[in-house]
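The values are calculated or read from the model by the stated rules, or taken from the named source; none is laboratory data. The structure presented is a predicted model; accordingly, all values stated were derived computationally and were not measured. Cβ placement follows ideal geometry from the backbone for every residue including glycine, while neighbour counts extend to all protein chains displayed.
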Amino acid sequence: MRIEENYSLEKYNTFHIPVKTRWFMEYSNEEELERILRDEYFQECLSLHIGSGSNLLFINDFNGIILHSTIKGIDVLEETEDSVLLHVGAAEKWDEVVAYAVSQGWGGIENLSLIPGEAGAAAIQNIGAYGVEAKDVIETVEAYNQLTFEKRIFTNEECKYGYRSSFFKNEHNDPYIVTYINIRLNKKPQFLVNYGNLKEELAGSEPTLQRVRDAVIAVRRRKLPDPEELGNAGSFFMNPVIPIKRFEKLKVQYPEIPSWPAGEGMIKIPAGWLIEQCGFKGKSHGPVGVYEKQALVLVNLGGARGDEIALVAESIRTAVNDRFGIELMPEVKYVG
Ligand code: EPU
């Protein structure tokens with residue numbers, strides 16, 4: 001176990017905001033986690049569990065305990081003729097899990113290549129890209145209840161997955177800490193390459209796991225900034241889902257509005273398009289930028305504070321609401 005006091009979180013958030021936490025506690029196995037959870041001082045303090053901070057916006061220093069896991073490992077739990085069940089430590093880098101699966105010839109997550117963050121967060125956030133979501137491969141999630149200290153294994157159904165949402169994200173549920181995820185991958189991969197420009201990127205070549213991974217990486221690199229070079233947290237907002245009737249009215253006014261069906265009677269609209277229409281794309285506001293190739297991504301151009309990023313996000317929300325009557329909801333979690 002590692003405990004640090006007044007510790008900088010600059011490396012623990014991909015916006016690279018140099019906030020500090022009063023305490024930083026890092027555990028490397030479930031026994032250590034249980035010890036921390038049962039500690040009375042821990043129970044009295046404000047606490048937050050983080051992964052690699054690829055979906056967080058720190059507004060202030062954190063006056064409490066930041067918990068961080070280093071539980072790693074990718075093990076085969078079960079293997080059949082058609083599939084493998086992998087047991088993955090929550091602190092494994094998600095993209096390393098994808099790279100490993102692809103190298104072994106196991107399909108199902110190749111479309112989720114290069115998404116920043118860790119395996120545990122992938123299951124909490126239900127990460128998604130190019131027509132695939134984490135929920136499509138998650139069989140079970142192992143997690144500790146912070147109030148009762150009990151470990152529970154959630155089935156996929158119990159995780160209550162939706163678009164970038166899960167049981168674990170619902171603040172009305174007991175707080176859980178994910179320690180392992182168990183994912184089922186296909187030894188006879190079926191490829192999903194019709195989404196976005198994946199097909200064009202494959203340029204007519206027969207899909208293989210490695211080719212799909214390479215194509216996803218190429219598309220993402222072209223559109224999304226590398227957080228190592230330019231602080232960002234990927235899509236800042238979720239894509240709004242609106243009733244078809246509202247969409248039809250909008251379509252009269254904006255015939256070119258892009259959209260996808262999103263379940264019965266609902267339509268999803270790309271927030272990036274709405275933000276671009278409002279004139280924000282490629283513009284900067286002090287040290288905060290709206291990425292020039294993807295308006296859904298806010299970037300730290302250097303030295304931005306969390307409140308400055310939040311202010312730009314707010315002006316985007318207001319502009320989109322004023323013009324389209326659509327309320328954007330952040331995908332990024334605000335802390336402080
Ligand atoms: N668009 C614009 N202007 C922009 C950006 C997008 O007009 O500046 C329009 C275009 O019509 C484009 C469409 O939006 O065709 C969709 O854009 P893109 O394919 O880039 O996807 P997205 O809906 O903006 C979502 C996810 C991404 C994921 C991609 C690819 C959300 C909130 N975001 O973005 O996830 O990589 O699809 O599947 O659902 C993330 O969650 O951090 C993330 C990067």
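Within the bounds of the stretch 161-169, is there any residue that is touching a residue at least 24 places away in the same chain (Cβ under 8 Å) and of a type in the set (D, E, K, R)?
If we filter the stretch 161-169 for residues that are touching a residue at least 24 places away in the same chain (Cβ under 8 Å), which is where we start, we get 161-166, 168-169.
From what's left, of a type in the set (D, E, K, R): 164, 169.
Among the residues of the stretch 161-169, at least one is touching a residue at least 24 places away in the same chain (Cβ under 8 Å) and of a type in the set (D, E, K, R), which makes the answer yes.
Conditions first: (1) crowded, with 18+ Cβ neighbours inside 10 Å; (2) closer than 22 Å to Ala129 by Cα; (3) in contact (Cβ under 8 Å) with a residue 40 or more places away in the chain; (4) within 13 Å of the ligand (Cβ to nearest atom). Lys333 passes all but one, so which condition is the exception?
That leaves (1) as the condition not met.
If the requirement is being touching a helix residue (DSSP H, G or I) at 6+ places or on another chain (Cβ under 6 Å), surrounded by 12 or more Cβ atoms within 10 Å (Cβ to Cβ), at pLDDT 95 or above and assigned to a helix (DSSP H, G or I), which of these qualifies: Leu274, Leu250?
Details: Leu250 fails: touching a helix residue (DSSP H, G or I) at 6+ places or on another chain (Cβ under 6 Å).
Testing whether each residue is touching a helix residue (DSSP H, G or I) at 6+ places or on another chain (Cβ under 6 Å), surrounded by 12 or more Cβ atoms within 10 Å (Cβ to Cβ), at pLDDT 95 or above and assigned to a helix (DSSP H, G or I) leaves just Leu274.
Being in contact (Cβ under 8 Å) with a residue 60 or more places away in the chain, closer than 25 Å to Asn170 by Cβ and under 22 Å from the mean Cα position of the chain (by Cα) is the requirement here; does Glu314 meet it? Show your work before the answer.
Numbers: in contact (Cβ under 8 Å) with a residue 60 or more places away in the chain: no; closer than 25 Å to Asn170 by Cβ: yes; under 22 Å from the mean Cα position of the chain (by Cα): yes.
No; evaluated as a whole, the condition is false for this residue.
Might you let me know whether the stretch 221-240 holds any residue that is touching a residue at least 12 places away in the same chain (Cβ under 8 Å), outside any strand (DSSP E or B), more than 12 Å from the ligand (Cβ to nearest atom) and of a type in the set (Asp, Glu)? Full working, then the answer.
Step one: list which residues in the stretch 221-240 are touching a residue at least 12 places away in the same chain (Cβ under 8 Å), which gives 221-225, 227, 230-240.
Among the residues that remain, those that are also outside any strand (DSSP E or B) are: 221-225, 227, 230, 236, 238-240.
Still in the list and also more than 12 Å from the ligand (Cβ to nearest atom): 230.
Applying the additional criterion that residues be of a type in the set (Asp, Glu) yields none.
Scanning the stretch 221-240 turns up no residue that is touching a residue at least 12 places away in the same chain (Cβ under 8 Å), outside any strand (DSSP E or B), more than 12 Å from the ligand (Cβ to nearest atom) and of a type in the set (Asp, Glu).
Give the residues of the stretch 287-309 that are more than 11 Å from the ligand (Cβ to nearest atom), assigned to a strand (DSSP E or B) and touching a Pro at 6+ places or on another chain (Cβ under 8 Å), sorted by residue number.
Val299, Asn300
So which residues in the stretch 145-165 are of a type in the set (A, V, I, L, M, F, W, C) and assigned to a loop (DSSP other than H, G, I, E, B), if there are any at all? Don't jump to the end; show me each part of the working.
Residues of the stretch 145-165 that are of a type in the set (A, V, I, L, M, F, W, C), as a first pass: 147, 149, 153-154, 159.
Passing the criteria: Leu147, Phe149.
Being under 21 Å from the mean Cα position of the chain (by Cα) and either assigned to a strand (DSSP E or B) or within 24 Å of Tyr27 (Cα to Cα) (or both) is the filter here; which residues of the stretch 174-196 pass it?
Asp174, Pro175, Tyr176, Ile177, Val178, Thr179, Tyr180, Ile181, Asn182, Ile183, Arg184, Leu185
Return the residues of the stretch 190-214 that are more than 16 Å from the ligand (Cβ to nearest atom) and in contact with a Leu (Cβ under 7 Å, 6 or more places away or on another chain); say none if nothing qualifies.
Matches in the stretch 190-214: Arg211 only.
Quick one: which strands (runs of 3 or more DSSP E) lie wholly within the stretch 30-128 and hold at least 2 residues that are within 16 Å of the ligand (Cβ to nearest atom)? Step through it out loud before you land on a result.
Numbers: elements: 47-50, 56-58, 62-69, 74-79, 83-89.
Hits in the stretch 30-128: 56-58.
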